[in-house]
1. When residues of the range 46-105 are filtered for being open to solvent by 30 Å² or more (accessible area, probe 1.4 Å) and more than 18 Å from Leu355 (Cα to Cα), how many remain?
2. Given the criteria under 14 Å from Val26 (Cα atoms), at pLDDT 85 or above and in a helix (DSSP H, G or I), does Ser244 qualify?
3. For the range 367-390, how many residues are part of a helix (DSSP H, G or I), surrounded by fewer than 17 Cβ atoms within 10 Å (Cβ to Cβ) and either modelled with pLDDT under 85 or not hydrophobic (A, V, I, L, M, F, W, C) (or both)?
4. So which of Phe276, Phe286 ends up being more than 19 Å from Pro174 (Cβ to Cβ), of a type in the set (A, V, I, L, M, F, W, C) and either at pLDDT 75 or above or open to solvent by less than 50 Å² (accessible area, probe 1.4 Å) (or both)?
5. Six or more apart or on different chains, Cβ atoms under 6 Å: show the pairs whose first residue is in the range 202-219 and within 13 Å of Ala16 (Cα to Cα) and whose second is part of a helix (DSSP H, G or I) and modelled with pLDDT of 85 or more.
6. Tell me which residues, restricted to the range 218-240, are part of a helix (DSSP H, G or I) and open to solvent by less than 70 Å² (accessible area, probe 1.4 Å).
7. In this structure, does Met42 turn out to be closer than 30 Å to Val176 by Cα and either more than 19 Å from the chain's Cα centre (by Cα) or crowded, with 24+ Cβ neighbours inside 10 Å (or both)?
Amino acid sequence: MKQRFNNIGPGTLVAAAFIGPGTVTVCTLAGIQFGFTLLWAMALSIIATIVLQEMAARLGLVSGMGLAENIRKEIRHPFAKGLAILLMLSAILLGNAAYEAGNISGGVLGLQTIFEHSMLSFAGVEINLLSLGIGALAFLLLYIGNYKIIERSLIALVLLMSISFVITTVLTFPDVFEILQGVFVPKVPEEGWLTIIALVGTTVVPYNLFLHASLVKEKWNGVGELTAARKDLYISILLGGLVSMAIIISAAAIQQSEVSNASDLSKSLAPLFGSFAMYFLSIGLFAAGITSAITAPLAAAYVVKGCFGWQTGLRSSKFRAVWMSVLGLGILFSSLGIKPIEIIQFAQVANGILLPVIAIFLLWVVNRNTVMGINRNTVIQNILGVLIVLTSILLGLKSLAKVFEII
């Protein structure tokens, strides 16, 4: 039993990263607005996550380097290398800043139920004290710089909310036939495209690919432990997907069309917690916000470290400067008075657009014989990878079209 717990690792952090306030919000909206209809989108997102994260974990164990470091090493042409580094830095730093704002705003969304008066006026500027508090807690855990402490903290927080949504799903007595139909019969309802893109964006998180490739080296030593790494990610991501589906199914039982605050979101937990549902979800959103508020800056720091070839650890000043910047931007954006729900939805769509760029880089590197040797991608893995990239490109274009009202 102890050995099983010792093998829990980076896969759980990946699950913790995508079971954030964005997942709770987007999945709840999907369930309220479209019932079980978009369960297929979540199912495909989980499959895509497993395929891509397995490539990232394998890359990290075989090469002993992260994704950004491998790309930097393998691209030889100076212009192409500079362009790749610029794309990675832009995608991850900007994307994670938006995502971090959504993470912190999600935590704020939960705490506002408990702490109603959280705004402080200073020099004519309205400051959200809850954003500062969540940012400070994330700062403390990251500054400690201990991988095991971060890992165990996130595991406990994610399990708390995950179990509750699964139990709630059972208590709503959903129609099993309709659930199976939603999972296996793809349908795109009118006005459902942005929700589909957001579901993909909240599950197949681009920065998780960098995070996973880097963290497997902290947990395991070399390709000989690839089996343990795969088992870790398969179990963790499948459980994360089960929780995401449970949120959609629970939310489908809510009899309303709009969600604007934690009270609305909490109605999906009412069958389990009754009048205490709002308070429990508030704590859950806070927990989800903290988990993702830690992983987003951490991933950004690993990307910058790899892009510039820094030989530094979690406690180095350069590494800390990067995650502090992303965390600071997240706190700033989440304090501007924009509705938390809107920030969270924007972050998910932004991630859906960034995904193709990162997935193409990953697919290219794991096919390099100089990097992977006999552990490079199989034909089936490449087919699945190409399908994921093409799908993500189509969804990204559709997202842009919707945003700019081209269609």
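The values are calculated or read from the model by the stated rules, or taken from the named source; none is laboratory data. Just so we're clear, the structure is a prediction, and the values are computed from it rather than from any experiment. With ideal geometry, Cβ positions are generated from the backbone for all residues, glycine too; neighbour counts draw on all protein chains shown. We work out accessible area using only protein heavy atoms, side chains counted, and drop any ligands, DNA or RNA first. Shrake-Rupley method; radii C 1.70, N 1.55, O 1.52, S 1.80 Å.
1. Final tally of qualifying residues: 14.
2. Here the answer is yes, as Ser244 does meet what is asked.
3. The total comes to 5.
4. Phe286
5. Cβ pairs passing all conditions: Thr203/Ser45; Thr203/Thr49; Val204/Ser45; Val204/Ala48; Val204/Thr49; His212/Gln53; His212/Ala56; His212/Ala57.
6. Residues satisfying the conditions are Lys219, Val223, Glu225, Leu226, Ala228, Ala229, Asp232, Leu233, Ser236, Ile237, Gly240.
7. Considered against the rule, which asks whether it is closer than 30 Å to Val176 by Cα and either more than 19 Å from the chain's Cα centre (by Cα) or crowded, with 24+ Cβ neighbours inside 10 Å (or both), Met42 comes out as yes.
Quick grid of which residues meet (1) modelled with pLDDT of 85 or more; (2) closer than 17 Å to Phe139 by Cβ:
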site	(1), (2)
Gly330	no, yes
Val365	yes, no
Leu395	no, no
Lys398	no, no
Val403	no, no
